[in-house]
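In what follows, a single structure is set out as structure tokens and then discussed.
Rule-based calculations on the coordinates, nothing more; no lab input. What you see is a predicted model, and the numbers here were worked out from it, not measured in a lab. All Cβ positions, glycine included, derive from the backbone under ideal geometry; neighbour counts span all protein chains shown.
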Amino acid sequence: MRTVMLTGAAGNLGRAVAAAFGDANLVLLDLKRGSLQDSDRQMFIDADLLNAQSVQAAVDKAVQRFKRIDVLCNIAGGFRMGASVHETADKDWDFMFNVNARTVFNMSRAVVPAMLKGGGGKIVNIGAFAAQKGTAQMGAYIVSKSAVIRLTETMAAELREQNINVNCVLPTIIDTPENRAAMPKADPKRWVAPKDLAQVIVFLASDAARAIHGAALPVTGLS
């Protein structure tokens, strides 16, 4: 049975991805438990993804219990917009890079050695469709998500010969209660349902995607 580790597990997408990996052991990382429960095949770990020691401790706990990590889904992330680049505060720039890129870096640095020891694995990161080009008033977000794409490509080049696939998905707006509240006039039917994005992530983490390395796959909804 595979062991899947997810960050941002208490969020809307995290819960959908966890449900989609119904046949696996699950290691669920977040700062808050929310509705997440422990069971024979599921463990919750309160982890600070910006703290390398906290991340390493979480990985060690997971390996101690389930012996290996086969899949890492770097789901944790965030979004802010509104300021022009020249008006962006240091705290907002740092927040975007920390929550979107440093979390991927810290998790990958801790998990990859375990995957190598276990003979391979799959890593799926969450980029953003918007990160493919610059857009006004979204500088920090776009650049931080662009970094996720470049990290994905770099890690794929480094690890493909060692039986580790690294890919990312590029969703447009995800249909969540928070996004519906923030954009009440928008049509959520044009957005990406968390369960649909979860299915794409599960595919990239499957043997069916064993020949895919370094892909940045757009997921744009309208199913």
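The share of Cα pairs per 10 Å bin across region 1-129, counted from zero up to the longest distance, runs 13, 45, 30, 10, 3, 0 percent. Expressed per residue, the C-alpha convex hull volume of the chain stands at 120 Å³. With helices as the sole contributors, the chain gives -12000 deg cm²/dmol at 222 nm; each DSSP H run of n ≥ 4 counts as -39500 (n - 2.57), and the sum is divided by every residue. Taking amide H as placed 1.01 Å from N in the peptide plane, PHE44 has its amide H under 5 Å from the amide H of LEU28, each at least 5 places away in sequence or on another chain.
Near VAL192, the amide H atoms lying under 5 Å from its own belong to ILE173, ILE174, ASP175; only residues 5 or more places off or on other chains count, and H is placed 1.01 Å from N. Multiplying the residue separation of ARG68 and ASP94 by 0.36 nm and subtracting their alpha-carbon distance yields 6.1 nm. Relative to the longest principal axis of the Cα atoms of the chain, helix 139-159 runs at roughly 30 degrees.
For region 112-174, the spread of Cα coordinates along the three principal axes comes to 44, 21, 15 Å, biggest extent given first. Extension gain, ARG33 to ASP207, is 59.6 nm, computed as 0.36 nm per intervening residue step minus the present C-alpha separation.
Excluding same-chain neighbours fewer than eight residues apart, the aspartates and glutamates reachable from LYS117 by a Cα-Cα span under 16 Å are ASP60, ASP70, GLU158, GLU161.
Partner lysines whose Cα lies under 17 Å from the Cα of LYS133, excluding those fewer than 8 positions away in the same chain, are identified as LYS145. Neighbours of ILE174, meaning other residues whose beta-carbon lies under 15 angstrom from its beta-carbon, give a summed charge of +2 when Lys and Arg score +1 and Asp and Glu score -1. Taking a cut-off of 14 Å between Cα atoms, list the aspartates and glutamates near LYS195, but don't count ones fewer than 8 places away on the same chain. Output for LYS195: ASP175.
With contacts taken as Cα pairs under 8 Å at a separation of at least 6 residues, the chain carries a relative contact order of 20 percent. Annotation for region 1-21 versus region 70-92: alpha-carbon center distance of 21 Å. For trypsin sites (Lys or Arg not before Pro), the sites in region 125-223 that DSSP calls loop and that have at most 14 other Cβ atoms within 10 Å are LYS133, LYS185, ARG210.
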